Amino acid sequence: MTESVSFGSIKATLARGDLDTAEVQISALVESTPSPEILHLAALIDGTRGRYGAAAERLQRAVAAEPFRAAWQCDLGASLLSAQAPEAAASAFEAALSLNPQLARAWRGLAHALSACGRSRESFAAMRQSLSLDPASAAAHRFFAAVHRADQEFDLARRHEAEVLRANPKDFACRARIALDCWLADDLAGALHHSNLVVSAHASTPDFHGVFLYLLLFDPAQTGASLRTAHEEWARRFAPAPAPFVFAGTADPGRRLRIGYLSAEFFGGPPVFFLAPLLAGHDRQQVEIFLYHASSRQDEHTEWFRAQACHWRECHSLSDAELLDLIRHDQIDILIDPSGYSANHRLSVFALRAAPLQIVYPSYPCTRGLACFDFILTDQWATPTGTESQYAEIPVRLPSGYLSYLPPPDAPPVAPLPALGNGFPTFGMFQRRTKLNNAVFDALAEILRQCPGGQLLIQHDDPTLDDPGSSSRHNLIREFLLRGIPESRVRYCGARPRAALMALMAETDVILDTFPFAGQTTTCESLWMGVPVVTLAGDTHPSRVGASLLASAGLSACVAHSPAEYVAIAQRLAADLPSLASLRRELRDRLVASGFVNSGRLAHETETALRQIWRQFCSQQTGKI
């Protein structure tokens with residue numbers, strides 16, 4: 001058999017996808033007749049096998065023998081880049097371009113090599129040259145999308161991803177990235193559209209499907225029933241079948257309970273303000289607290305959470321089976337999920353039935369949709385009578401509300417009512433842009449129309465909102481102009497540190513909540529600054545969180561049940577400045593007196609509910625004997 005025939009035979013074998021046979025054939029030829037062509041082909045097989053160092057060594061030999069092959073220089077650069085040798089890779093790609101400056105692949109490889117060397121400006125220029133030579137290059141568009149995403153230029157990122165998708169409409173990983181870019185660019189409609197297509201095609205990962213569920217909480221078209229259906233679909237697709245569970249504990253209704261909290265959120269953020277009052281208030285004589293931390297992320301708040309635990313378990317590196325074994329070994333009586341579908345959740349462990357009783361604490365304000373959860377802790381305002389069918393869990397209503405708030409220590413003092421000095425009321429809106437839908441804009445505009453001298457202050461976490469020329473601000477201005485509200489009546493503020501944000505809240509007289517996804521942290525911060533909040537309770541749990549907070553704070557009069565009532569309540573508050581000023585002075589004391597602010601109330605009511613649930617379980621166990 002001649003070398004040329006053998007070479008062609010090997011290529012034919014590769015074309016059939018028989019890599020194993022081709023590798024055996026090429027190995028013999030490398031030993032007997034290591035021509036440049038044979039070395040090149042052997043290197044390509046090495047690269048396919050992940051042997052990048054060996055591939056680079058053989059390519060270097062091939063290139064040394066025939067240095068004028070630009071494509072081979074590109075292959076060498078790719079192997080060196082995969083072998084974590086970016087500087088050598090850049091030299092190889094530059095050699096290829098010296099032979100053929102029109103080789104788009106070489107420009108792309110050079111861009112990646114330069115980026116790995118930290119030469120971002122040169123990398124960007126190289127990739128732009130690649131794209132000019134090959135405008136349809138998916139690799140180039142993905143590169144630019146990643147660069148723009150890193151710079152938080154999400155509109156530009158999704159434009160490049162759209163080019164990738166145009167060439168391959170079934171690239172669902174690309175469509176998922178577009179959905180996330182839309183979300184980060186405050187385009188809820190685009191995020192819902194693309195994520196729904198990914199989910200409907202059964203092309204989503206469990207984590208991305210969870211993101212989709214979170215997006216649905218913002219969607220005005222959803223109902224309590226549709227949200228439950230959507231969450232149950234996640235369970236059908238991704239929840240593992242439960243392992244056999246045999247209760248090995250003691251069914252004593254009065255003994256100290258072993259309570260576990262499994263969460264990936266034991267660090268700074270909303271859990272500090274809402275989960276902290278519950279954990280700090282637990283009666284350690286009645287309950288033994290186990291905290292299972294499912295995230296590698298830690299900060300100064302993590303140490304506080306650790307101090308609240310009778311037993312702290314770091315479990316982010318454990319597999320589901322290992323974590324299941326740990327929780328069962330700890331003989332947890334009641335395992336609580338406070339995180340829902342947030343990042344790094346371990347709902348799959350709950351699905352395996354890690355504890356005899358499993359309960360939802362709705363920091364994630366919705367049903368989980370999993371049959372493995374027995375109960376959801378809620379209240380009469382978030383889950384009024386008649387809404388039980390919206391939950392896969394049995395609602396357990398805490399009498400004073402299921403949320404309590406821990407104010408930050410650096411919160412500013414309460415300031416005098418701004419309207420008394422300004423001569424006009426200032427309404428505030430402190431929610432992310434994706435919560436501001438058409439119905440919310442209509443209500444805000446109507447409030448300003450009915451209060452001709454009033455002003456509106458809008459703040460959210462987009463740092464560009466402070467820039468008069470930013471697209472974020474122009475988009476908001478356009479929404480109000482379409483509704484007849486001139487730019488002069490709305491003030492815009494971007495991201496602020498928490499203390500500065502709360503000081504900004506103090507510059508308003510009445511704060512307006514979003515719907516159907518109500519605020520939680522912002523509502524509590526507003527109330528702590530003495531500013532009443534107007535909320536609209538709707539058909540879903542996330543739309544009723546504001547009603548729950550206001551009712552437990554003694555401000556049920558601020559809860560509307562229609563857009564017209566929402567507008568009317570805002571007008572009534574703004575029209576009675578003496579009452580508004582009096583409320584502002586008294587509100588912090590009232591919050592403390594009501595138990596709304598960090599107290600033992602929530603922990604006591606939660607423990608009472610858990611004890612009752614445990615008694616029922618013990619009774620059932622006794623009945624089995």
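Only the coordinates and a few stated rules stand behind these numbers; no lab work does. All values reported here derive from a predicted model rather than from experimental measurement. Using ideal geometry, Cβ is built from the backbone for each residue, glycine included, and neighbour counts are taken over all protein chains shown.
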Separation of alpha-carbon centers, region 165-194 and region 433-489, rounded to whole Å: 26 Å
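Which whole number in µm²/s is D for region 418-594 by Stokes-Einstein, with the Kirkwood Rh taken over Cα pairs at 4 °C and 1.567 mPa s?
In µm²/s, the coefficient rounds to 80.
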Calculated on alpha-carbon atoms, Rg and Dmax of region 406-491 in Å: 14.3, 41
Label-point separation, Asn475 to Glu300 (7 Å along Cα→Cβ), nm: 3.4 nm
Length-normalised contact order for the chain - Cα pairs under 8 Å, 6+ apart - percent: 10 percent
Taking N as its residue count, the alpha carbon Rg of region 257-397 over 2.2 N^0.38 Å: 1.00
Kirkwood-type radius of region 324-391, with distances r between different C-alpha atoms, in Å: 12.7 Å
Residue-span extension gain [Asn168 to Ala575] - 0.36 nm each, minus C-alpha spacing: 140.8 nm
Whole-Å distance, taken between Cα centres, linking region 214-292 and region 510-525: 24 Å
Helix 320-329 axis, angle to the chain major axis (alpha carbon atoms, nearest 10°): 40 degrees
Three principal axis lengths of the chain [C-alpha, angstrom, descending]: 97, 74, 39
Potential extension, Thr48-Asn438 segment - 0.36 nm per residue separation minus Cα distance: 135.2 nm
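Computed over the Cα atoms, what is the radius of gyration of region 158-262 divided by 2.2 N^0.38 Å, N being its residue count? Mind dumping the intermediate values first?
Working: Rg = 19.3 Å, N = 105, 2.2 N^0.38 = 12.9 Å.
The reported ratio for this selection is 1.50.
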The chain, helix-only ellipticity at 222 nm - DSSP H runs n ≥ 4, -39,500 (n - 2.57), divided by all residues, nearest 500: -17000 deg cm²/dmol
Separation in nanometres of the label points that stand 7 Å from Cα toward Cβ, at Glu314 and Ala64: 4.8 nm
Ser132/Ser562 FRET efficiency (R0 56 Å; Cβ-Cβ; nearest 0.05): 0.50
